[in-house]
Amino acid sequence: MDHVAKRPVARAAAVPARTGRVAVPGALGALTALAAVLSGCTGGPAAFGDGRRSPERAILVTPGDGARDIAPDGRVEVRVPEGRLKRVGVTRIEDAQPQRVPGRLARDGRSWTSSAEGEKGRLGLAATYRVDAVAVDGDGHEVARRTTFTTAVPEHRFTGRVTPENRATVGTGTIVSVAFGRPVVDRAAVERAVQVTTVPKVEVVGHWFGAGRLDLRPAGYWAPGTEVTVTARLRDVEAAPGVYGSQDRTVAFRVGRSQTSLVDVAAHTMEVRRDGQLVATVPITAGRPGADTYSGRMVVGEMYDAIRADGRAADCGRGGDGGEIPHALRLTGSGVLLHGDHWSDEGAFGSANVGRGCVGLRDVPGGGSDTPAGWFFDRTLVGDVIEVVNSRGRPVAPDDGLSGWNLSWKKWKAGSALRRP
């Protein structure tokens, strides 16, 4: 552009020597032409520096400043009519840790557009975003603009409740379970938002039980000492048309020692094994004929020093009269317990099945620490496996409590929305 600028100036200076009356208009015309040429070559070198263009006119932002109810799939665009963009940042604010929105600057530097690829490119719902942009003209003059906008607040939200509890130490049979507050239609999107990482690394796969529950487990029991982290990034995930997640949650737990117990209904015994070694054989009484105990593998889901037989537990003892059941370990959602029993005849333990579908260990009123029930309770973790064999009862359903170990690995993986066998 330098050689273009010199030629008109030289000609304008020569005119007065020959014809003074036309020198002034000729020079002004040449200078005007020069300014026009320079303006066209630089994209408006004086656009910012001469103060004629306000930040609102120099940097155009979509959505507009103060815009509301922006859809999560909406695009953020920043552009300049003249000059080029130097910096653009779009940030989700009002969170504990502000989140940047990814985007791309055009090759000519005239526009920036937010990414539309994957979940990272989507805007969050019920959120405020800040746009900070700096543009520069051909003379190096800068102009900055800041705007904000808010996204739509969905009418319907859902949450997920994760078990086991955060920072718990659990047994090797633990199954991660996420219960949702609303039916999930897009199971793949929701399952993708629930990540399980482990140390040491092990494959963990999800399995859906209906539209409201996702369980996750490895192919076999966890190895003792495994560290597990469950990250449920459900916020803004669309589980069903118009229904969006409202939370992000992280739960971390540790797998403790291995303990499994084998209840033999026909022999009226329970063999307790710790790290594969038999440590005790405990006399039991199981469900009597007509109230037979379920067969199959069940997992201790909850532990109570005492629970009342008031409908929240199976009719396991005290004739369902509302009395307290000591040392109660919940095995199924339907109410099957392994519990202390102080009302049955002492001679029944190890010789007869007189219960109402649960597994009873000898105990005393209020629960004793030196009874078989107290001994076992004190050595049990949530996540320990109780397997019932030689029972005339029907097999426990895989979704009754944490009984998913009764499904083969092939069938378990078939229940994932992301994988197939």
| field | Every residue from segment 215-248 that is charged (D, E, K, R), over 30 Å from residue 392 (Cα atoms) and surrounded by 18 or more Cβ atoms within 10 Å (Cβ to Cβ) | value | 235, 236, 238
| task | For segment 377-395, state whether one or more residues are outside any loop (DSSP other than H, G, I, E, B), surrounded by 21 or more Cβ atoms within 10 Å (Cβ to Cβ) and not β-branched (Val, Ile, Thr). | result | yes
| query | For segment 38-72, what are the residues that are modelled with pLDDT of 85 or more, assigned to a loop (DSSP other than H, G, I, E, B), open to solvent by 30 Å² or more (accessible area, probe 1.4 Å) and not hydrophobic (A, V, I, L, M, F, W, C)? | reply | 54, 64, 65, 66
| task | State all residues of segment 88-109 that are at pLDDT 85 or above and among the acidic types (Asp, Glu); if no residue qualifies, say none. | result | 108
| task | May I ask you to list the residues in segment 194-212 that are touching a residue at least 60 places away in the same chain (Cβ under 8 Å) and over 17 Å from residue 413 (Cβ atoms)? | result | 210
| field | Scan of segment 185-212 for residues that are under 14 Å from the mean Cα position of the chain (by Cα) and either of a type in the set (S, T, N, Q) or under 22 Å from residue 398 (Cα atoms) (or both), ordered by number | value | 187, 188, 190, 191, 194, 195, 196, 197, 206
| message | Checking residue 374 against (1) at pLDDT 95 or above; (2) surrounded by fewer than 19 Cβ atoms within 10 Å (Cβ to Cβ), only one condition comes out false. Which one? | response | (2)
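The values are calculated or read from the model by the stated rules, or taken from the named source; none is laboratory data. What you see is a predicted model; the values in this text were computed from it and never measured. Here Cβ is always computed from backbone atoms with ideal geometry, including for glycine, and neighbour counts include all displayed protein chains. Quick note on the areas: whole protein, heavy atoms, side chains included, nothing else; ligands and nucleic acids left out. Shrake-Rupley method; radii C 1.70, N 1.55, O 1.52, S 1.80 Å.
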